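Here is the structure we will look at.
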Amino acid sequence: MNNSESVNFIGVPEASEYTNIPPETLKRYLINHEQFLNFKKEGRRYKISIESLDLLKKIRELYSEGLLKEDVNDNLASDGLPITITVKNQEEKGSISINDELSEIKRCYNNKNNR
C-alpha cells in the first residue's frame, strides 16, 4: 500500500468517529449499499474512502426518515451517484467506477472515429 492510498482510506473506528455512526451500523451500510460506496476489505477489516464519509451520513439520514434498504438504494440511484463495481481476480483487487470506465470507452471510440 502506498502512502497516498493510505491517506485516502480510513478504518471503521475513525469513520465512526467522523460520522457519529456506530461501527456495526457502518459495516451494515457498507454491505447493504456497496454499489454506492468506495471501500475495500483487508482481511477482516474494512477501509472506507474518505470521499464516502458524507454519503454514509446521508444514508444514515435516509434510514432515520424511515426508509427501507431498497428505498435508500433507489434514493441514492436517483441522485445520479456513480455506481462502484468491485472487481476481484487473483492478480489485483480493487474498485472501478462505471462512469469512469464508460468515459474511457467513449474517449477511445471518439479517438478511433476521428482518425
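Values in this text are rule-based calculations from the coordinates and carry no lab data. All values reported here derive from a predicted model rather than from experimental measurement. FYI the Cβ positions are ideal-geometry reconstructions off the backbone, even for glycines, and counts take in every protein chain you see.
Among the listed pairs Lys41/Lys69; Lys47/Lys69; Lys40/Lys106; Lys27/Lys58, give every one whose C-alpha distance is greater than 26 Å. Pairs exceeding the cut-off: Lys40/Lys106. Using a simple spin-label model with pseudo-atoms 7 Å out from Cα toward Cβ, Thr25 and Lys40 lie 2.8 nm apart.
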